[in-house]
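Before any comments, here is the structure.
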Amino acid sequence: MTDPHQNNVQHTPPSPASTESAASSAENNSAIAHTLDSENPLSRPFVNLDMADKVGESVESLVTGLREKTILPAEKVIRGLSLSIALTLVTLSILPMICIGLIRVLTYYVGEEQVWAAYWGTGAVFLATGGFLWTMRNRKKTAA
């Protein structure tokens, strides 16, 4: 009984005539390849390899310049807008909490019967802050 995993093909050494024909066909192939390389410009598309580097560098410099002139300024504007919107939202949400806390603290110190003094005190703080900011308004225009 034969083993199914064995190959039943017998290997015979090549004849001298087939070896000579293989050598002559290899010489023919190299001669054809040499003729194709020297005569056909499509067989070597980049004769000057520096040209490919120059094209790549010019495309890269063009893209970099375009990015510096368009994308980077747009990123700065968007970053500024998003931060200013976030700061405005945080300020608008904290300001009422500060007002409520200030009135509660003043009410605690003056007593429940004299709540009007807490309102007057809070109003005085806002009046002083507004007056200070109003004077700073004129300084900015003259300094610029």
If we take the stretch 14-131, then helices (runs of 4 or more DSSP H) inside it with 2 or more residues that are at pLDDT 90 or above and of a type outside the set (Lys, Arg) are 49-66, 72-110
Counting only residues that are exposed (fewer than 10 other Cβ atoms within 10 Å of the Cβ) and among the hydroxyl-bearing types (Ser, Thr, Tyr), the stretch 92-108 contains a total of 1
All-but-one check, residue 111 against (1) loosely packed, with under 10 Cβ neighbours inside 10 Å; (2) on the phi > 0 side of the Ramachandran plot, failing number (1)
- prompt: Just to be sure, is residue 83 without any contact (Cβ under 8 Å) to a residue 60 or more places away in the chain, out of contact with any Gly (no Cβ under 8 Å at 6 or more places or on another chain), exposed (fewer than 10 other Cβ atoms within 10 Å of the Cβ) and of a type outside the set (Ser, Thr, Tyr)?
  reply: no
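The values are calculated or read from the model by the stated rules, or taken from the named source; none is laboratory data. Fair warning: this is a prediction, and the values are worked out from it, not measured in the lab. Neighbour counts run over all protein chains shown; Cβ positions are idealised from the backbone, glycine included.
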